[in-house]
Amino acid sequence: MSSAATLITVAPTGAETAKADFPALPTTPEELVETAVACEAAGAGLIHIHVRDKEHRPTLDKSLLREAVVAVREATDLVVQLSTGGAVTDPLEDRLTVLEADPDSCSLTCGTTNFGEGVFLNPWGFMVDLYRQAQEHEVVPEFEIFELGHVHALRRLIDECGLPYGGKVHVDFVMGVPGAMPATPQVLMAGLALLPPETTSWSATGIGRSHLSIVAAALAAGGHLRVGMEDNLMFAKGQPVSHNRELVARAAEVASLMQRPPMSTTEARAMLGIKD
Ligand code: KMH
Ligand code: ZN
C-alpha cells in the first residue's frame, strides 16, 4: 500500500470560503482551468472540484458541473474528481446527481460528521446509493474519512456492495475539521491500522494549521497528499495562499526531498483504476 511516487491531489475551491472574503479563491470556470493547468505543472495528479455559480456560490447545477469536467479535461490530463459532498446545506438527492456529469472520480464520504457549526450528512442508505451508482456510471469513488468510525463504514460498504468500479480502493483522511477527528499523526496512524485489507492506496489532508504536519506524517507513512485552498488558506503564519499552485509546489518539494516525487497523471490513473 505504500508507494514510491506521490499522488498530489489539489482541492482548489471547496464550498465553505466566500470569494468576497478570499478573492484568490478560484471560483469562475476560467480561474478553475487556469488553476488546474498551473497545479498540474507543479505536480498535481488529481483535482477535486467544487463548482461555483455566477455569484460565486457553491452549486451542484448539472450543466455547470459538466462544463467544469469538460473544460479541465480539455486543458489538462489531471484525474477529474467531482465532490459529492457539496455544501452542508445541499440535499442528498442533488448530491447523487453529480455522477451524471461523468467525472473520472467522485468523493464518497463514509458517514455523517460534525462540520464546524453544521452537520455533514451521509446516512448509510445514501452511501450505498452513491456507491452503487458510481459502480453503474463507471466512476471511481475516493472514500473520505472525517472520523475513525468512517473506516468501519467503508469496510461494511465493501462487504455489502463489492469492490468499486476499477477494482481499487483509495481512501482520503480529511483531518482537523472542527468537531471531527483531530489532525495529528497519532490519529492518522490509528486510522491506517483500521483500514480494510482491500485498501490499495490512501492520502491525507490536514485542515488549517495542521496542514504541514499531516503532509509530513502522510509521506513518512507511505501515503499520498491532498492540498489546496478548500482545506487551507494560509501558506505560512501571516502569509495567505495567493494561488493553489504554491501549496502543490511545496507538497511536491517535500515529497521529492523524501524520495517520493510527484506521480504522473498516467501513474495516478493506473493506481486509482480510472477508465481510459
Ligand atoms: N464541503 C463539505 C461539506 C466532499 O467534497 O466530498 C464536504 C466536502 C467533502 O467537501
Ligand atoms: Zn470537497
Q | Top-ranked residue of the range 231-247 - restricted to ones that are part of a helix (DSSP H, G or I) and within 16 Å of ligand 2 (Cβ to nearest atom), ranked as farthest from residue 85 (Cα to Cα) | A | 247
**Q.** Hits in the range 119-137 - residues which are surrounded by 14 or more Cβ atoms within 10 Å (Cβ to Cβ) and in a strand (DSSP E or B)
**A.** 120
Q | Of all residues making up the range 171-207, the number that are part of a strand (DSSP E or B) and not charged (D, E, K, R) | A | 10
Q: Would you mind listing the helices (runs of 4 or more DSSP H) fully within the range 1-114 where at least 3 residues are within 16 Å of ligand 2 (Cβ to nearest atom) and in contact with a strand residue (DSSP E or B) (Cβ under 9 Å, 6 or more places away or on another chain)?
A: 29-42, 62-75
Q.
Looking at the structure I just gave you, is residue 250 closer than 25 Å to residue 24 by Cβ, of a type in the set (D, E, K, R), at pLDDT 95 or above and in a strand (DSSP E or B)?
A. no
Q.
Restricting to the range 62-104, name every residue that is within 11 Å of ligand 1 (Cβ to nearest atom) and among the small types (Gly, Ala, Ser).
A. 83, 85, 86, 87
Q: Could you identify the single residue in 208, 228, 223 that is touching a Phe, Trp or Tyr at 6+ places or on another chain (Cβ under 9 Å), touching a residue at least 12 places away in the same chain (Cβ under 8 Å) and either away from ligand 2 (no atom under 16 Å from the Cβ) or closer than 29 Å to residue 58 by Cβ (or both)?
A: 223
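The values are calculated or read from the model by the stated rules, or taken from the named source; none is laboratory data. Since the model is a prediction, treat every value here as computed from it, not as a measurement. So basically every Cβ, Gly included, is an ideal-geometry build from the backbone, and we count neighbours across all protein chains shown.
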